[in-house]
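**Q** The structure follows.
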Amino acid sequence: MEYTVKNGAPEKQKTQCLIAGLSAGELSGTAAALNEAAGGLLATLKKRKDLSDKSGDSVLLSYVPELTAERLMLVGTGDKAMSPKAFKAAMAGVAAKLKGAAIKDAMICLDDFDVEGVDVSWKARQIAEAVERTFYVFDQFKSGDKKDKPALTKVSLLLAGRKDANAAKQGLAEGEAIGSGVSVARTLGNLPGNVCTPKYLTEQAKELAKGNAKLSVKALGEKEMDKLGMYSFLSVSKGSVEEGQLIVMEYKGSKKKTDKPYMLLGKGITFDTGGISLKPGAGMDEMKFDMCGAASVMGAMTALVELDLPINVVALIAAAENMPAGNASKPGDIVTSMSGKTIEILNTDAEGRLVLCDALTYAEKNYKPKALVDIATLTGACILALGHHISGLVANDDELAGQLLEAGEGSIDPAWRLPMNEDYQKQLDTNFADMANIGGRPAGTITAGCFLSRFAEAYPWAHLDIAGTAWDSGKAKGASGRPVPLLVQYLMDRAAEA
Ligand code: BES
Ligand code: MN
Ligand code: ZN
């Protein structure tokens, strides 16, 4: 997709589709200019109520002879400034309409959209994100004619004045980077378990590092993890013929090479059968999405590289397949983690925390993280608590939690913090080891967080449970790419502080 910024009069633009906002109030700005040029068209439309005043509603007019634009799309903006969320929804609607009409190039009159509490660059970013999201296709396993070939190749933003042009350009670049990060995460998530294996994730990470001097990637296999005493991780991967991988991606963007890194850690269970604590059969295919935490880390790293942010970031991906097998872990098995703490595996389906905990220790021993955020499709309980709208957040550090909540708000990829204290920690007590890997049914998301917190005592740590937000089910089944926007916003905010 080509993105550009233009200045000029709306009625004189050459484009297949000019997109203008129409507020419920008096015609002004672009709308007034277009109305005048087109002989009162917009006023008539309003009078006849052919476009409702509701924000986000739109009409596509195929022929307006007085305009140099081939078509005119009018988008209702409501009777006051739009909320950021309403603007995002409206732009998704615009993109869908462009796709439906197979329009090749479009121009959006950005000044028309008055959005509460955001600047030009934020609006531009949302537009690019919406376009990337809408025109995403995953058809590599469909044979025959690929009907869905999208037409749009160019999007321009029209500004009345010149002063916002740079901000708009910056926003478009950010939106494009976040958009490609989201697409990377969606594709990795959507790939089936027989393609997207732990080794495949390693290959993709290495692919991303190719030709980028700031990014280097290595992966530890099971032999190396055995040497490091990562027996908790290995207790999961050993039941599969696919070799477990701890993928390490180091990005050096900071001027000071020695700056402590921000760290990301993704759960990369490329398929979660539950192991010997086997999951029920219905809907089990969706457990190919159990690597969406890892996918979001790859997506965030893609955007980070594209944006060339001036910070140091180290990303880890704990990748394994959770299978039942003759040599798989059994309920009651006890393993020693890399930290030395012992774990009684009461349920082999609580495997995510078993791979993550050793990665958390690996982070402590090899880096001095400024902060570490892990991202995981960790608990079904998170879906019961927050549904599919908001990701769960558990943290041992208020500042980090606050930064992530703010990043989620700002990128419209929200998270909600859950409490964590000694009372919940006690649910992990067992007679036979330092801790059990499950804490019973009550507060399952929090006790999973408690488990992880025991391996992240040395640095500010936060955990995002994306079990409810990483993918959609039903007819629209597919990975969502969340929480890539949140993660990239968080990293951009840290870069802005630097
Ligand atoms: N990957 C699942 C969590 C999950 C389930 C995410 C459904 C999205 C949809 C995780 O490995 C798991 O199985 N968790 C168990 C934990 C339990 C055994 C304590 C769960 O949530 O049931
Ligand atoms: Mn599981
Ligand atoms: Zn899982």
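**Q** Any idea what the relative contact order of region 2-160 is, in percent, if you count C-alpha pairs under 8 Å spaced at least 6 apart? Each step should come with its number before you reach the end.
**A** Numbers: 287 pairs, mean separation 52.7, N = 159.
33 percent.
**Q** Taking the DSSP beta bridges in region 2-160 as the whole, what percent of them are antiparallel, to the nearest 5? Working shown, then result.
**A** On the way: 4 of 25 bridges.
Percentage antiparallel, nearest 5: 15.
**Q** Turning to a different aspect of this structure: Can you give the charge dipole size of the chain about its Cα centre, rounded to the nearest 20 debye, using +1 on the beta carbon of Lys and Arg and -1 on the beta carbon of Asp and Glu? Can you show the working numbers first?
**A** Working: 57 positive and 62 negative charges, 222 e Å.
It comes to approximately 1060 debye.
**Q** Pull up the DSSP beta bridges for region 370-498 and report the antiparallel fraction as a percent, rounded to 5. All intermediate terms of the calculation are to be shown ahead of the outcome.
**A** Values: 6 of 14 bridges.
In region 370-498, DSSP labels about 45 percent of beta bridges as antiparallel.
**Q** How many nm separate the modelled label positions at Lys368 and Lys14, each set 7 Å beyond the Cα in the direction of the Cβ?
**A** 6.0 nm
**Q** Using Cβ counts within 10 Å as a stand-in for footprinting exposure, how do Trp471, Trp122 rank, fewest first? Don't skip to the end; give the middle numbers.
**A** Numbers: Trp471 25, Trp122 19.
Ranked by crowding around the Cβ, least crowded first: Trp122, Trp471.
**Q** Continuing with this model, one more query. Indicate the gyration tensor shape class of region 31-106 (rounded, prolate or oblate), computed on the Cα atoms with a ≥ b ≥ c the square roots of the eigenvalues: a/c under 1.5 is rounded; otherwise a/b larger than b/c is prolate and the rest oblate. Don't jump to the answer; show the numbers that get you there.
**A** Details: a/c = 2.04, a/b = 1.15, b/c = 1.77.
Verdict is oblate for region 31-106.
**Q** A further question on this structure: Any idea which of Pro280, Asn212, Leu228 is furthest toward the positive side of the dipole for the chain, if Lys and Arg beta-carbons carry +1 and Asp and Glu beta-carbons -1?
**A** Checked the options; the winner is Asn212.
**Q** Still on this structure: Determine the calculated [θ] at 222 nm for the chain from helices alone, applying -39500 (n - 2.57) to every DSSP H run no shorter than 4 residues and normalising by the residue count; nearest 500 deg cm²/dmol.
**A** Working: 15 runs with 178 residues, N = 498.
The helix contribution divided over the chain gives -11000 deg cm²/dmol.
**Q** Turning to a different aspect of this structure: Taking Cα centroids, how far is region 42-103 from region 2-27 in Å?
**A** 11 Å
**Q** Determine the dipole magnitude for region 2-160: charges of +1 sit on the beta-carbon of Lys and Arg, -1 on that of Asp and Glu, nothing else is charged, the reference point is the Cα centre, and the result goes in debye to the nearest 20.
**A** Dipole magnitude for region 2-160 comes out near 500 debye.
**Q** While we're looking at this one, here's another question. Taking neighbour counts of Cβ atoms within 10 Å as a proxy for exposure, in what order, fewest first, do Cys292, Cys450 appear? Please list the in-between numbers first.
**A** On the way: Cys292 32, Cys450 24.
Listed from fewest to most nearby Cβ atoms, that is Cys450, Cys292.
**Q** Below 8 Å between Cα atoms, with a sequence gap of 6+, how large is the relative contact order for the chain in percent?
**A** Details: 1158 pairs, mean separation 68.7, N = 498.
The normalised contact order for the chain reaches 14 percent.
**Q** Could you tell me which residue out of Ala32, Met301, Met435 lies farthest along the dipole of the chain toward its positive end? Charges go on the beta carbon: Lys and Arg +1, Asp and Glu -1, centred on the Cα centre.
**A** Toward the positive end, the furthest listed residue is Ala32.
**Q** May I pose another question? Can you put Ile438, Ile375 in order, fewest other beta carbons within 10 Å first? All intermediate terms of the calculation are to be shown ahead of the outcome.
**A** Working: Ile438 23, Ile375 29.
With the fewest neighbours first, Ile438, Ile375 line up as Ile438, Ile375.
**Q** Pull out a ≥ b ≥ c, the square roots of the eigenvalues of the alpha-carbon gyration tensor of region 147-277, then state rounded if a/c is under 1.5, prolate if not and a/b is larger than b/c, and oblate in the remaining case.
**A** Numbers: a/c = 3.16, a/b = 1.69, b/c = 1.86.
It comes out oblate by the Cα gyration axes.
**Q** Right, next: Taking the alpha-carbon centroid of each part, what is the distance from region 268-333 to region 363-428 in angstrom?
**A** When both Cα centres are located, 17 Å separates them.
**Q** Dipole size in debye (nearest 20) for region 1-89 around its Cα centre, Lys and Arg Cβ +1, Asp and Glu Cβ -1? Let's see the in-between values first.
**A** Numbers: 12 positive and 10 negative charges, 45 e Å.
Result for region 1-89 is approximately 220 debye, rounded to the nearest 20.
**Q** Next question, about the same structure. Determine the shape class of region 180-497: with a ≥ b ≥ c the square roots of the Cα gyration tensor eigenvalues, call it rounded for a/c under 1.5, and otherwise prolate if a/b is greater than b/c, oblate otherwise.
**A** Details: a/c = 1.29, a/b = 1.27, b/c = 1.01.
The shape class here is rounded.
**Q** For the chain, what proportion of DSSP beta bridges, expressed in % and rounded to the nearest 5, is antiparallel?
**A** Working: 28 of 74 bridges.
Antiparallel: roughly 40 percent of the beta bridges in the chain.
We did not get these values from a lab; they are worked out from the coordinates using the rules stated. Here the structure is a predicted model, which means the values were calculated and not measured. Virtual Cβ from ideal backbone geometry, glycine too; neighbours counted across all protein chains shown.
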